[in-house]
Amino acid sequence: MKRILTGIGTVAGAFALAACGSATAAQAPATPAPAAPAAQAQGASGGGVAPASSKTPRCTTADLEVLLGKPAEKNDAPGQFDIPLTYRNTTDHTCGLYGVPGVDLVGPDDATFGPVYHLPRVDNGVKYNEVTAGTTASATITVVKPAAGEPAWTPTKLNTIPPGQTSALTAKWPSDLPVLRQDAATHPGSYVNGILADPA
C-alpha cells in the first residue's frame, strides 16, 4: 500500500516536457490541474507575482543553467528526502527569478502511470527575487523513497521549467535515489517548493 504523507498542501501542475541534454531547452506545453485548498495553483510557467514597480525582466530559460544538489533525508520525516534545485544566472545581467518551477521526473515506463512523474507545486517561495550575473537561487524538491516491499521507480533525469517560461532545462537524477510514485494521491509526499534567494 502506498504511503500518503499528510500536512502538505499541494497543487498538481501537469505538463509534458521534452528536454534532453544538460542545460538545453525544449518546448513544453502546459496542462493545468485542479488546486488543493492549501496551495495556490501554478501554470506551467510557475508562480509568483512581481511588484508593479519592478522593471527587472524575469530570467529566461536561456539565461540559466540548472544543478541538482545532494539528497538529504529529513530529520522529522524518515524516508522523505530534500534535493536542492539550483538555477545559476549564466549571463552578464541581472534577472528576476521567483515563484514555483515546474518539475517532471522522467524514468522507466511505469505500468500504471507511465514514464513521467509530474510533481505538484507548493507556492511557498519569495514573491520577488533578483539574481545578479553568476549567482544562484534555489528551490527544493521533496520526494518519498519507497520502504521495503513498496514499488520502487528510479528516474533517470529531471526536466524543469523556470517560473514564467515555457521551455525546460534538464539535469541527471541521482541514480541511487528511487521514488515512490504517488501520482493519484490527494496529499502526496513528493512535490517541488518555491524558489528562495541563495545566501550571498
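If the cut-off is 30 Å between C-alpha atoms, which lysines fall inside it for Lys172, apart from same-chain ones fewer than 8 positions away?
Straight-line reach from Lys172, under 30 Å: Lys2, Lys70, Lys74, Lys127, Lys145, Lys157.
How large is the charge dipole for segment 118-172, taken about the Cα centre, if only the Cβ atoms of Lys, Arg (+1) and Asp, Glu (-1) carry charge, to the nearest 20 debye? Don't skip to the end; give the middle numbers.
On the way: 5 positive and 3 negative charges, 24 e Å.
It works out to roughly 120 debye.
Which value in nm describes the separation of the simple spin-label points at Asn124 and Thr156, placed 7 Å from the Cα toward the beta carbon?
Calculated label separation equals 3.2 nm.
Since every read-out is calculated from the coordinates, none of them should be taken as a lab result. Since this is a predicted model, take the numbers as computed values, not measurements. Neighbour counts run over all protein chains shown; Cβ positions are idealised from the backbone, glycine included.
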